[in-house]
Amino acid sequence: MLISEYERKIVRKICDEIIKHDRFFLTTHQVPDGDGLGCELAFSIVLRKLGKQAIIVNEMLPSAIYSFLPGYSDILPIEKYPEIKLIPDAAIIFDCSNKERIGRPLSFIPESVAIINIDHHQGNTQFGHINWVCENCSSVGEMCFFILEELNCVDKEVAECLYVAILTDTGSFRHHFDTRTIRIAERLLSTGINPESIADHIYNSYPVSTLKLLGHALVSLQYDMDLHIAWTVLDEQMLMETGAFEQDAEIIVDMLRSIGNVDFVFLVKERKNEIKFSLRSKKGFNVRLIAEKFGGGGHDGAAGFSMTGITLTDAIEKFLRYLKKHQSKRQVENG
Ligand SMILES: [Mn+2]
């Protein structure tokens with residue numbers, strides 16, 4: 001398997017650290033996706049097999065589409081965490097470019113704990129005691145494969161979790177992957193996991209509430225021919241009416257990517273006093289550069305930012321004004 005000298009060393013270092021500790025706290029960014037969740041589950045299976053304790057705590061529960069994954073039911077709602085008397089001696093943070101992205105679980109990580117930061121976002125703040133940031137990697141799942149392989153622990157259950165991480169972060173092998181990603185996927189498949197059934201779970205198992213929310217998103221769909229963008233809006237009422245979860249909005253913005261002849265798509269979501277923008281690029285367009293202008297971040301292909309103290313309509317107006325003003329510059333930056 002293709003692995004650089006640097007990667008070999010950092011993988012070894014992370015494995016040594018894992019062997020040293022006994023009680024692990026595993027977490028990812030606030031709205032867990034297939035990548036963060038797949039890595040958490042893969043590690044929790046492996047750590048338990050190694051006779052260690054592991055606990056997964058996230059700001060929000062992951063979408064139910066992942067409920068077929070091994071260990072999913074062990075994930076603790078954050079409210080229950082204080083009841084568990086596990087004082088961790090190590091924390092592994094997956095897929096987070098900075099500590100703040102973890103949300104509330106961050107407050108459960110004692111100062112003295114060894115933090116292992118495994119991520120593939122640009123601009124990672126290297127907040128861990130050990131940091132492995134691979135911007136070119138398709139997913140953190142791809143990185144975790146090397147660690148768990150080094151520990152000799154990639155069995156069928158672990159492979160299923162890692163495959164889901166890679167599958168979802170590449171949009172079913174449509175973006176941000178290379179030949180190494182495919183080779184790892186091949187290794188994972190060789191354990192006997194079933195890619196058809198996994199795809200069915202992930203892409204054909206949405207709750208009715210998600211599709212109802214998609215209905216709202218499609219009714220509100222806007223398109224600007226000059227700016228080459230499409231966007232839609234989900235307000236709090238729509239989320240409440242449909243009973244959909246906030247996590248579902250991420251699924252919907254990914255679906256918007258299927259619109260043709262646009263540079264990027266975005267979804268604007270209202271949550272309490274915050275207006276959140278999720279951007280998805282098309283044709284290699286870089287949305288991270290735009291998100292950063294508004295204090296956000298992410299990947300070149302998927303990024304986000306939020307605004308506070310502003311109404312939903314004004315926030316969109318402000319963003320569109322910015323896009324119009326910088327349209328020619330945008331074309332230059334993005335080639
Ligand atoms: Mn990721």
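Read-outs throughout are calculated quantities, based only on the coordinates presented, and are distinct from any laboratory measurement. Because the structure is a prediction, the values reported are computed rather than measured. Backbone-built Cβ (ideal geometry, glycine too); neighbour counts: all protein chains shown.
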Being surrounded by fewer than 24 Cβ atoms within 10 Å (Cβ to Cβ), touching a residue at least 40 places away in the same chain (Cβ under 8 Å) and not hydrophobic (A, V, I, L, M, F, W, C) is the filter here; which residues of the stretch 35-59 pass it?
Lys49, Glu59
Checking Phe25 against (1) more than 13 Å from the chain's Cα centre (by Cα); (2) among the aromatic types (Phe, Trp, Tyr); (3) under 29 Å from Asn194 (Cα atoms), which single condition isn't satisfied?
(3)
Could you list all residues from the stretch 138-153 that are more than 12 Å from the ligand (Cβ to nearest atom) and either buried (at least 24 other Cβ atoms within 10 Å of the Cβ) or in a helix (DSSP H, G or I) (or both)?
Phe145, Phe146, Ile147, Leu148, Glu149, Glu150
On the basis of being among the basic types (Lys, Arg) and closer than 30 Å to Gln327 by Cα, does Lys272 make the cut?
no
So Glu160 ticks every box in (1) buried (at least 24 other Cβ atoms within 10 Å of the Cβ); (2) within 16 Å of the ligand (Cβ to nearest atom) but one. Which box is left unticked?
(2)
Positions within the stretch 178-193 being outside any loop (DSSP other than H, G, I, E, B), of a type in the set (A, V, I, L, M) and either buried (at least 18 other Cβ atoms within 10 Å of the Cβ) or in contact with a helix residue (DSSP H, G or I) (Cβ under 8 Å, 6 or more places away or on another chain) (or both), in sequence order
Ile184, Ala185, Leu188, Leu189
Report, by residue number, each residue of the stretch 13-52 that is within 16 Å of the ligand (Cβ to nearest atom) and outside any helix (DSSP H, G or I).
Leu26, Thr27, Thr28, His29, Gln30, Val31, Pro32, Asp33
Candidates Arg271, Arg288 - the one that is charged (D, E, K, R) and more than 18 Å from Cys96 (Cα to Cα):
Arg271
In the stretch 156-177, the residues that are touching a residue at least 40 places away in the same chain (Cβ under 8 Å) and either out of contact with any helix residue (DSSP H, G or I) (no Cβ under 6 Å at 6 or more places or on another chain) or of a type in the set (Gly, Ala, Ser) (or both):
Glu160, Ala165, Leu167, Gly171, His175, His176
